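The values are calculated or read from the model by the stated rules, or taken from the named source; none is laboratory data. Just so you know, these numbers come straight off a predicted model, no measurement behind them. All Cβ positions, even for glycine, are placed from backbone atoms using ideal geometry, and neighbour counts span all protein chains on display. The accessibility values were calculated without ligands, DNA or RNA, using every heavy atom of the protein model including side chains. Shrake-Rupley method; radii C 1.70, N 1.55, O 1.52, S 1.80 Å.
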Amino acid sequence: MEIVMINETNDTSADVYQSDFKQIAARACSILHKDKPYTMSVIFVTPEKIHEINAMYRHIDRPTDVISFAMQDDMSNVLIEEEEEELGDIFINVQAIRDQAREYGHSQHREACFLFCHGLLHLFGYDHMTPEDEKVMFALQDEILDEVASREV
C-alpha cells in the first residue's frame, strides 16, 4: 500500500510513523482479505484545522482526533484506469496524539497508530454507529494493532 504522508504542522514528531502505518496497513489488508494495490493519504493537522474540517464536513463545531474521507463513498472521484485503488484521506490531530496518550495511559506511538488504524478501518467501510458495529470495529483495531504498537507506556 502506498501511503502519502503530509505534515501540515510544525510538530516534527509526527514524521516518524510512516513505517508503523505501513505495517498496520499490511496487517489490516491481510486480516480483512484486501489484496488490491491501494493508495491513501495521511495528513497531520493542528487542532484548529481539524476543528475547521469537522465543522465544515460533519457540522460538529469542535476539534476531534481523526477524520477519514473515504474515496469509495463517492464513486465519481474514482478513475477506472488507475492501477492502484485510492482509499481516501485520514486527517490526524497531532495534539490529540499527545493528549489522548496521556489520558489513556499509553504511549504516543500507540495513540498515533490507533488513530491511523481507526481511520483506515473507516476508509474500508467500517463504522461504530451501532453497538454491534462498534464491537466489530474495535475488535479489529485491537487485532491489527496489538502486534504493531504495544499498549505499554
Of the candidates Asp65, Asp15, the one satisfying the condition of being within 16 Å of the chain's Cα centre (by Cα) and modelled with pLDDT under 95 is Asp15
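This table checks each residue for (1) part of a helix (DSSP H, G or I); (2) of a type outside the set (A, V, I, L, M, F, W, C).
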residue: Asn10; (1), (2): no, yes
residue: Gln23; (1), (2): yes, yes
residue: Lys36; (1), (2): no, yes
residue: Val42; (1), (2): no, no
residue: His51; (1), (2): yes, yes
residue: Tyr57; (1), (2): yes, yes
residue: Asp61; (1), (2): no, yes
residue: Thr64; (1), (2): no, yes
If we keep only residues of segment 19-50 that are closer than 20 Å to His122 by Cβ and polar (S, T, N, Q), then the residue farthest from the chain's Cα centre (by Cα) is Ser30
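Can you find a residue in segment 122-141 that is in contact with a Leu (Cβ under 8 Å, 6 or more places away or on another chain), at pLDDT 95 or above and either open to solvent by 60 Å² or more (accessible area, probe 1.4 Å) or of a type in the set (Ser, Thr, Tyr) (or both)?
Quick first cut of segment 122-141, residues in contact with a Leu (Cβ under 8 Å, 6 or more places away or on another chain) only: 123-124, 126, 137, 140-141.
Filter once more, keeping what is at pLDDT 95 or above: 123-124, 126, 137, 140-141.
From the residues that got through so far, the ones that are either open to solvent by 60 Å² or more (accessible area, probe 1.4 Å) or of a type in the set (Ser, Thr, Tyr) (or both) too are 126.
Yes: segment 122-141 contains one or more residues that are in contact with a Leu (Cβ under 8 Å, 6 or more places away or on another chain), at pLDDT 95 or above and either open to solvent by 60 Å² or more (accessible area, probe 1.4 Å) or of a type in the set (Ser, Thr, Tyr) (or both).
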Residues of segment 22-38 being surrounded by 17 or more Cβ atoms within 10 Å (Cβ to Cβ) and in contact with a strand residue (DSSP E or B) (Cβ under 9 Å, 6 or more places away or on another chain), in sequence order, are Ala25, Cys29, Tyr38
